[in-house]
Structure formats: structure tokens, C-alpha cells
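Heads up: the structure comes next, in C-alpha cells.
The values are calculated or read from the model by the stated rules, or taken from the named source; none is laboratory data. Since the structure is predicted, the reported quantities are computational estimates derived from the model, not experimental observations. Quick reminder, even Gly has a Cβ in these numbers, built from the backbone with ideal geometry, and neighbours come from all protein chains shown.
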Amino acid sequence: MTIKENVYRQIRQSGSLPTLPEILFKLLEACDHAAVRPAAMAAIISMDPALSYRVLQLVNSSSGPCSPFIGIEQAVNILGSDSIRSIALNSSVEQVFVQKKWAPGLFDLQSFWWNSQLCATLARQIAVKTGFDGLDEVYLAGLLHDIGRLVLVSTFPKEHEWFLFETEDIHNELWAETRLIGITHCDAGAWLVDTWQMNSLMADALRFHHGPLEQVREAFPLIRIVYLANLLREKKSCQRNCEAGKLLMDLDRADLQEIVEGAEEEVLRNARDLHIKIGSAPSVVKGRGEETACEEDQEGEAVKDIPENLSLYEDTDSGTEAGAVLAERVKSSTVLSGILEDLVHADDSEAVIAIFERSMNILFNLTRVLFFLPDKDGHLLKGRASASSSLRHLSKGLVLPVPGSTSLIVRAYSESRLLYLTEENTRDNFADGQILAVFRCMAVCLVPLTAEKRPVGIILLGLPEAAARLTEGENRLVRMIARQVGLCLSQEDRRLRRAEEIEADRKAEVSMTARKFAHEINNPLGIIVNCLTTMGLKLSGENESQEELRIIGEEISRISSMVNHMDLFSNSAVNRFELTDINAVIEDIIHIVRTPLFTEAGMEVSFQPALDLPQIMTSGDALKQIMLNLLKNAAEAMSRGDMVEVRTALLVKNNHGRDVPDGNGLEITVEDTGPGLPDPVMKNLYKPFVTTKKNGHSGLGLSIVRKTVRDLGGSISCASIPDEGTRFSLCLPLEKNDFGLNESSQGVGILPCLGEELS
């Protein structure tokens with residue numbers, strides 16, 4: 001690898017080039033406005049050589065070899081606003097967070113910007129004066145004429161600092177660049193443009209802008225124009241500049257003076273538009289020993305020169321101030337990207353609300369955030385806040401009717417408008433006034449949530465004490481996040497509604513199928529009952545098999561009752577309530593299943609009944625169905641040597657953490673020593689039609705168990721520890737209404753039964 005090849009390899013790896021923070025901030029602001037046209041973005045980009053280079057590099061890398069020349073505005077149109085915003089944001093992030101150190105003493109980024117702008121503007125003025133058609137091309141060539149200098153100081157900062165300090169003129173600098181680095185900044189700039197493979201002489205304009213005048217005078221106009229613009233920009237002797245102007249472009253002294261004055265005025269105006277603070281005149285690269293005096297010609301006239309040694313900034317803190325503003329803007333954008341990504345991956349509405357609350361705290365230090373989301377029918381707005389919010393408890397009691405309401409909150413929701421609650425406009429609506437009082441602030445911002453042009457909710461933001469409105473930037477940022485929140489909540493709502501529809505369809509299908517076969521089942525059951533009756537008559541009354549025949553007969557009667565009510569998921573209970581001995585019911589079921597489910601498989605089942613258990617008003621048939629399902633489920637999950645223990649107990653206040661009246665309920669526990677259940681299985685504990693079992697299992701068992709327990713007015717909970725076992729606990733009331741019908745414990749910790757799902 002040659003010295004030059006090695007240098008170019010290092011340049012490729014050096015990363016992006018620095019840009020004035022004022023320009024980056026201006027471009028980011030433009031990108032945030034949807035109404036800003038590409039021409040406006042292009043105008044900002046063309047103010048800076050590094051940004052212009054990056055845009056042209058990106059667009060030309062996809063154009064293929066020998067592509068035609070592409071100007072900045074055309075490049076912006078090709079890339080699109082999203083790509084331009086990415087370029088601006090990436091450049092800003094690198095500049096803020098990578099924190100490259102640009103030598104403040106000798107290499108001045110602000111002066112570099114001035115020199116690049118001035119050369120580009122001079123080149124365009126010369127082109128206009130001489131009738132050269134390629135104004136965009138000549139402007140870009142002038143803007144990028146010293147881009148190689150920026151590349152070298154970026155890639156070789158120590159070497160560049162040394163020869164800037166030691167060299168006295170441009171020729172010594174070029175010699176030092178070659179000796180210390182291996183190439184000149186002219187070579188570096190030309191090499192970069194050459195990589196674009198354009199049908200343009202721009203690379204030669206960069207390569208020869210410090211070449212001998214005698215060589216350049218024979219070149220094409222683009223090279224000659226950039227060369228002369230650089231001479232005027234460098235402020236060499238007036239005599240030499242006038243001679244070069246006449247030789248290269250046939251321009252006299254008056255033409256050159258007009259061009260220089262016009263260019264200076266334009267660049268000064270651009271600096272002010274970009275809020276770059278300047279003194280009475282700009283400076284060039286500091287510490288250079290170039291001629292600065294304006295030489296008079298033979299007639300005593302002089303070409304006006306730009307004063308030297310004047311700072312670009314009025315004070316030394318201006319650059320730091322601009323950098324701090326850009327840093328804050330970039331950090332907000334970086335945080336925003338993380339927030340939007342978190343919202344995309346949020347699992348449910350609770351997570352979405354928590355992410356938004358956190359984002360408002362991080363971005364604007366807002367801690368009072370409250371959601372109002374519509375109910376299923378859209379008739380009510382209900383308060384919502386995350387579990388960590390200080391407004392969580394309050395939110396549960398906040399409900400606003402939508403139809404006929406005069407609340408500004410409802411109006412902001414219905415009309416999808418951003419409004420504010422203030423002391424003045426809340427006097428006519430009591431609820432709005434209460435919200436303002438609770439938030440303890442002068443103004444509450446009402447941010448609408450929409451999806452597909454329809455309202456999906458409203459967010460209330462309590463503004464800081466001194467703030468009456470969001471600023472334009474804050475407004476834009478909040479609305480951007482709120483749009484994503486609205487989409488996430490809409491998607492969650494559609495997902496839940498679709499799941500409900502699917503579950504309802506499946507239940508309806510099961511119920512219809514069950515009803516079709518119900519009457520067919522009764523026929524063989526009748527035959528079996530007759531056979532059992534005949535067997536009982538043939539046996540003596542003292543025969544021990546009579547008890548087993550009795551139990552079988554009761555089970556067949558229970559089956560017959562069940563098949564006559566095969567709509568398993570109806571909303572009304574069909575159980576017959578009567579005084580029931582719970583211990584006796586459980587003993588019967590264990591007697592039936594002990595041998596086929598446990599003994600033959602090498603497992604054990606035991607029963608520890610509470611001796612003081614009273615009879616309760618419940619359905620014995622329903623309890624048998626519950627116990628049969630739980631025991632069958634446990635048996636299918638366990639292996640040889642495992643055991644199941646069933647216990648009953650009278651519940652007293654705070655027993656096992658349950659808050660029930662003294663002597664007002666009883667507990668049935670089914671606990672096994674099986675393998676326990678993993679978390680993914682536990683999450684679908686009572687969900688119907690979800691099962692990992694095969695061999696025709698439908699995944700309905702535990703769903704039926706939970707519904708039956710609810711119909712009995714009880715509750716069910718489950719706990720499982722991997723490799724230790726699973727425990728189901730059923731709580732039943734002593735009287736039918738003690739606990740309240742359809743009560744269940746479905747909170748955190750409810751886990752699937754053994755075997756993942758009951759068939």
C-alpha cells in the first residue's frame with residue numbers, strides 16, 4: 001500500500017466533518033416543519049461545506065459511475081426530507097456526543113465557514129459577471145474548495161496543528177502537508193469529489209485552486225473561476241489579484257471591486273440570518289502570515305480589502321452558546337427516538353401510559369399527567385394514570401359523560417383540538433375547575449389523541465407555575481409523541497376487540513355443537529341407568545357393590561343434567577343449589593378417580609377433610625365438576641411417585657391473606673408435588689381454547705372451572721413453583737350471597753394448572 005493509499009484509507013475511517021452548530025440547528029428546525037419546501041432545506045445546506053459534501057456524497061453514491069452533476073436542491077429532492085433530517089440529526093449527534101476537539105488556537109471552524117462561504121459567493125458572482133452558465137456547479141466548487149483542509153484536520157489533528165503553527169504561507173503549508181501527511185488538502189478534496197464519479201470538472205477545481213497561475217490560465221472556466229475566487233478570498237495583493245482577474249476572466253479592477261463588495265455583503269447577511277454573531281468584519285484562519293495590506297495601483301486607487309484580525313464572534317462564548325443549544329436539541333431528538341421506539345414495543349395501554357408520563361418528565365420536567373380514555377361504547381371518558389403516578393388513585397374515580405357535556409376536556413376530545421384549562425374558562429364547568437384545582441397549576445394543556453382521524457382519548461398536562469402555554473417547539477414535540485401514543489392505544493383497542501370477537505365466536509360454536517349432541521347423549525345414558533338398576537336388583541341389599549352402583553348412578557344423573565345445559569359459557573348459572581356436605585362430595589370424586597387416574601399410574605391422592613366443616617348452600621354437581629377437572633389435570637401433569645393432597649378448611653378473617661368475615665366461608669385446596677409451571681404457560685391460565693396439549697384437548701377445562709366457581713359465588717386462585725408443585729385454592733361462601741356471585745381472584749400470580757391446560 002502506497003503512502004497516499006494509506007492516507008485515503010485513514011480518511012475513509014475518520015468519520016464525519018464538523019459543521020457550525022447554528023447551521024445544524026437551523027436545518028433541524030426546518031426538517032421539523034412539514035410545510036418547509038426542499039428549496040429551503042437546500043438553501044440551508046448550501047451554507048455549509050461539510051453538510052453539502054455529505055448530501056452530495058450520499059446522492060452520488062447511488063447514482064452510479066459517470067452520473068451527471070447534481071446540485072444541492074436536486075439532491076435534496078432526490079433524497080427526500082426524511083433522509084435530510086437523518087443527515088442533520090446524525091451530524092448533530094456525532095458533533096455533540098463524539099466531541100471531537102478542533103484546535104481552538106490555530107484552526108477556527110467559524111473562520112473556515114466564512115472562507116468557504118465567501119469563496120463560493122465570489123465564484124458565483126464571477127460566473128454571473130462573465131456569463132458562465134453552471135452557477136450551481138461553480139458555487140459548490142467554491143464552497144468545497146477547501147474541504148480537504150477540514151478532512152486533514154479531522155483525520156490528522158496533531159500534524160495539522162503543527163504545520164499551521166510553523167508555516168508562514170500557503171506554499172510552505174502545502175509542502176508541510178505533503179511531508180507530514182503524504183498529501184495536500186487540495187489532493188484530499190479532489191480525491192473525495194472524484195469518488196462521486198460525476199461528469200464534472202469540480203475535482204480539478206479543488207485540486208488546482210493553489211496551482212501556478214500560468215498553468216491554470218489554460219484550464220476550463222470552472223477551474224479558472226474557482227482559482228480567482230480563492231485569490232480574492234485570500235486577500236493577496238491587489239495588484240496580483242487584478243492581474244489574475246484580467247488574465248483568467250478578463251475582469252478589470254472595477255469589476256473585481258464590485259464582485260468582492262457584493263460577496264462580502266451577501267455572506268454577512270447569511271451569517272446574520274443563521275444567527276451567527278459577528279463583529280464589524282470577519283476573520284480568516286488565525287495566525288497566518290499572509291499579506292493583508294491593500295496595495296495601491298499606479299493611479300492611487302485601491303481594491304477594497306477585508307480587515308484582518310477581527311473575530312467572527314463578538315465574544316468568545318458565542319460558539320459555546322450555540323453548541324449548547326444544539327446539544328440540547330440533539331439530546332431531545334435522541335430521547336424522542338428512544339421514546340418512540342419504546343412506544344412501538346409497548347405491550348399494553350398501561351405500558352403506553354407509563355412511557356408517555358416518563359417522556360414528559362424527561363423532556364419537559366412535567367409530573368402531572370392524566371389520561372382520559374373512552375369506554376367501549378364511547379359514551380364515557382374514564383381517567384387513567386400509570387401505577388407509579390401520583391394521580392393513580394385519583395384517576396380511578398374520574399368519569400366524564402361525552403354526550404351533552406360542556407366540559408372543555410370532552411370538547412378537546414370530541415373535536416381533536418389542543419385546548420387549555422385556565423381559571424377563566426373553567427368557571428362554567430365544575431369538573432374542569434376541579435381538575436385545575438387538583439393539578440395545582442395556572443394552566444392544563446389538553447392534548448388530543450387520534451388515530452386514523454378519529455379521537456381515541458385526551459391527555460392532560462399540568463404546566464409549570466409560570467407557563468400559560470407550551471412553546472412552539474414543545475407543542476410540536478408533544479403532538480409528535482401523542483400521535484404515536486394514539487396509534488398504540490388504537491391498535492391495543494382493536495387487538496382486544498378482535499380477541500373478544502374470536503373468543504365469542506368460539507364459544508358460540510362450542511355451544512351450538514354441544515346442543516346438537518345433547519339429546520343424542522341422553523339415549524345411551526338412559527340405557528346405562530336401566531342396566532345399573534337391573535344390576536342393583538340382582539344384588540342383595542348388603543352387597544358392598546351397592547355403594548359403588550349408587551355413586552355411579554349419581555354421576556350419570558349429574559351428566560344427564562349437564563348435557564341438558566350444554567351451553568357452557570352462558571352468562572347465567574344453571575346449577576341447583578341445596579345444602580351440601582362438601583367433604584362427602586369430595587370423598588365421592590376421589591373414590592371414583594383414585595384407581596384409574598392415580599393408583600394405576602404409580603401416583604397417590606389423599607384427602608384431609610376439616611372435621612368442623614358445616615354444610616353449605618351450593619351445588620354438589622357443580623363442585624364435582626370442578627374437583628374432577630382439577631384432579632384430572634393434576635394427574636396428567638405428574639409422574640410416578642408424585643402425589644396430590646386435597647384439604648378442606650373453615651375460613652376465618654385474614655386466613656391465608658384473605659379478608660373474609662369470621663366463619664363466613666370455607667376453602668378447598670388441591671396441591672400436588674408435580675413439576676410446577678413456567679411463566680409463559682401461567683399467563684394463559686383461564687383463557688379458553690389455549691392449550692399446548694395434544695390428542696384432542698380443547699383447552700376448555702380451566703375456563704369451565706373458573707366460570708363454575710364464579711357461578712357458585714366463590715373465587716379461585718393458583719400458585720405454582722417450578723420443580724416443587726402447584727396449588728389451587730377455592731373459596732366458597734357458607735351462604736349463597738356471602739361473597740357475592742361472579743367474584744373471582746384474577747390478579748397477579750394466577751397461574752395455569754398442571755399439564756399447562758385442562759382438556
In the range 362-376, what count of residues is obtained for those that are buried (at least 20 other Cβ atoms within 10 Å of the Cβ) and among the acidic types (Asp, Glu)?
0
Check whether at least one residue in the range 626-648 is part of a helix (DSSP H, G or I) and in contact with a Ser or Thr (Cβ under 6 Å, 6 or more places away or on another chain), and report yes or no.
yes
Log entry, pairs with first residue in the range 150-174 being closer than 14 Å to Leu109 by Cβ, second being at pLDDT 70 or above and not in a helix (DSSP H, G or I), beta carbons closer than 6 Å, six or more apart or on different chains, reads Leu150/Leu17; Ser154/Leu17
Would you confirm whether or not the range 560-570 contains a residue that is at pLDDT below 90 and within 21 Å of Leu730 (Cα to Cα)?
yes
Filter result for Arg476 (free of Cβ contacts under 8 Å to residues at least 40 places away in the same chain and either surrounded by fewer than 14 Cβ atoms within 10 Å (Cβ to Cβ) or not in a strand (DSSP E or B) (or both)):
no
Taking only the range 398-418 into account, find how many residues are loosely packed, with under 14 Cβ neighbours inside 10 Å and either touching a residue at least 60 places away in the same chain (Cβ under 8 Å) or part of a strand (DSSP E or B) (or both).
2
Members of the range 39-68 found to be among the hydroxyl-bearing types (Ser, Thr, Tyr) and at pLDDT 80 or above, listed by number:
Ser46, Ser52, Tyr53
Criterion: surrounded by 21 or more Cβ atoms within 10 Å (Cβ to Cβ) and at pLDDT 90 or above - qualifying residue of Arg207, Arg233
Arg207
Test Pro733 against the stated conditions and say whether it is in contact with a Leu (Cβ under 9 Å, 6 or more places away or on another chain), buried (at least 17 other Cβ atoms within 10 Å of the Cβ) and modelled with pLDDT under 50.
no
For Ser386: the one exception among (1) part of a loop (DSSP other than H, G, I, E, B); (2) in contact with a Gly (Cβ under 8 Å, 6 or more places away or on another chain)
(2)
Against the definition (modelled with pLDDT of 85 or more and closer than 21 Å to Ile23 by Cβ), how does Gly142 come out, yes or no?
yes
At pLDDT 85 or above and surrounded by fewer than 16 Cβ atoms within 10 Å (Cβ to Cβ): does that describe Gly714?
no
Take the conditions among the charged types (D, E, K, R), at pLDDT below 50 and on the phi > 0 side of the Ramachandran plot and apply them to Glu743. Does it pass?
no
Selected residue (only one of Asp738, Asp723 is in a loop (DSSP other than H, G, I, E, B) and at pLDDT 80 or above):
Asp723
Test: residue in the range 236-258 that is outside any helix (DSSP H, G or I), under 55 Å from the mean Cα position of the chain (by Cα) and of a type outside the set (A, V, I, L, M):
no
Every residue in the range 396-418 that is more than 13 Å from Phe372 (Cβ to Cβ) and out of contact with any Ser or Thr (no Cβ under 8 Å at 6 or more places or on another chain), please.
Pro403, Gly404, Thr406, Glu415, Arg417, Leu418
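Yes/no per residue for (1) closer than 21 Å to Arg411 by Cα; (2) surrounded by 11 or more Cβ atoms within 10 Å (Cβ to Cβ); (3) within 23 Å of the chain's Cα centre (by Cα):
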{"position": "Glu452", "(1), (2), (3)": "yes, no, yes"}
{"position": "Gln491", "(1), (2), (3)": "no, yes, yes"}
{"position": "Arg494", "(1), (2), (3)": "no, yes, yes"}
{"position": "Glu500", "(1), (2), (3)": "no, yes, no"}
{"position": "Lys507", "(1), (2), (3)": "no, yes, no"}
